[in-house]
Amino acid sequence: MNIGIDMMGGDFAPETTLEGVVRALNSLPAEVQLTLFGDQTQIEAGLSKAGISDSRLTLVHTTQVIDMGEHPTKAIPKNPDSSIVVGFSYLRAGKIDAFAGAGNTGAMLVGAMYTVKSIPGVIRPAIASLVPKEDGSHGLILDVGANADCRPDSLLQFGILGNLYAKHILKIEKPRVALMNIGEEDEKGNLLAQAAFKMMKDNEFFQFTGNIEGRDMFNDKSDVIVCDGFTGNVLIKMAESFHELVTHREIKHPFFDRFNYENYGGSPILGLNAPVVIGHGISSGVAIENMIRHAVEIAGSGLTDQIREAFN
């Protein structure tokens, strides 16, 4: 298995990505190869400083970097030799099995859509995020930022994508899929939620348990939470801010520790023809390591083939 890493992506790259790669080399199975995309001089200097010379590493030199603030649709054609664009070209050609990066989220999404593209039948891929549950397990929420505006059938498809992830990655035999809404009653919500509810209630692809509210995000009422990308992004960012608040106030509790983004590393884009994982822009070395490990897990699970089969 070969995982591609955008070494230049992130607020503190390439220092933190190098740290994450070094950490990953010490924890991943020996058969996992890593292909590093970025400035060869900086990468080699960092590896040399860390005393790393590993046959599992392959360097692909790139001369451009897509900055965090660049407009995604303009940045991709403007920077053809960037670590993101070259990385996706390798993924499309099958030279790597997955691609992960903590750089410009929009550029990662646009790059994925223009190169590896969506699985036929998938209207819009979705970014998914793990959710810590009160009972110690994890759930999943999607979309969390790829699609601010959605159609009802897109939300239905998010349910299918999340259901497959929960089965093959979280190992939940029969995931419970719920729709995030402003009330539990069937008729609640805006026009999008009402239309999506009817489609999800009548679907034959997953076990739909109805509407849930924001207060149910961390309890055991569901395994997969479906919402539009605007709502999902607000919920995830609120959870991140909650972790910052309790950390600054030195409130110690194992459950609060599970809100730390570093534990999860990155969020997969579900519905693409190849695995892609997006990390947080402020990722530390620990987060980069976990992003790489998540990419390895998804690539080795056969999830993409399962999604392709479901939408065939």
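The values are calculated or read from the model by the stated rules, or taken from the named source; none is laboratory data. Since the model is a prediction, treat every value here as computed from it, not as a measurement. All Cβ positions, glycine included, derive from the backbone under ideal geometry; neighbour counts span all protein chains shown. Ligands, DNA and RNA are excluded from the accessible area calculation, which covers all protein heavy atoms including side chains. Shrake-Rupley method; radii C 1.70, N 1.55, O 1.52, S 1.80 Å.
Taking the criterion of being surrounded by fewer than 16 Cβ atoms within 10 Å (Cβ to Cβ), of a type in the set (D, E, K, R) and under 18 Å from Gly281 (Cα atoms), the only residue of region 39-92 that qualifies is Asp67. Checking each residue in region 2-38 for being among the aliphatic types (A, V, I, L, M), touching a Leu at 6+ places or on another chain (Cβ under 9 Å) and open to solvent by 10 Å² or more (accessible area, probe 1.4 Å) picks out Leu18, Val22, Leu25, Leu28. Determine which member of the set Ala295, Ala299, Ala239 is in a helix (DSSP H, G or I), hydrophobic (A, V, I, L, M, F, W, C) and buried (at least 24 other Cβ atoms within 10 Å of the Cβ). Of the residues listed, the single one that is in a helix (DSSP H, G or I), hydrophobic (A, V, I, L, M, F, W, C) and buried (at least 24 other Cβ atoms within 10 Å of the Cβ) is Ala295. Say whether the condition of being modelled with pLDDT of 90 or more and assigned to a loop (DSSP other than H, G, I, E, B) is met by at least one residue in region 44-55. Within region 44-55, not a single residue is modelled with pLDDT of 90 or more and assigned to a loop (DSSP other than H, G, I, E, B). On the stretch given as region 217-228, residues that are open to solvent by less than 70 Å² (accessible area, probe 1.4 Å) and at pLDDT below 95 total 3.
Of the residues making up region 127-150, those that are out of contact with any Asp or Glu (no Cβ under 6 Å at 6 or more places or on another chain), surrounded by 23 or more Cβ atoms within 10 Å (Cβ to Cβ), part of a loop (DSSP other than H, G, I, E, B) and of a type in the set (A, V, I, L, M, F, W, C) are Val144, Ala146. Restricting the first member to region 1-18 and to residues that are under 16 Å from Leu47 (Cβ atoms) and without any contact (Cβ under 8 Å) to a residue 24 or more places away in the chain, and the second to residues that are of a type in the set (Ser, Thr, Tyr) and surrounded by fewer than 22 Cβ atoms within 10 Å (Cβ to Cβ), no beta-carbon pair is closer than 7 Å while six or more apart or on different chains. Annotation note: of Glu173, Glu204, Glu187, the sole residue that is without any contact (Cβ under 8 Å) to a residue 24 or more places away in the chain, open to solvent by 30 Å² or more (accessible area, probe 1.4 Å), touching a helix residue (DSSP H, G or I) at 6+ places or on another chain (Cβ under 8 Å) and within 23 Å of Arg308 (Cβ to Cβ) is Glu173.
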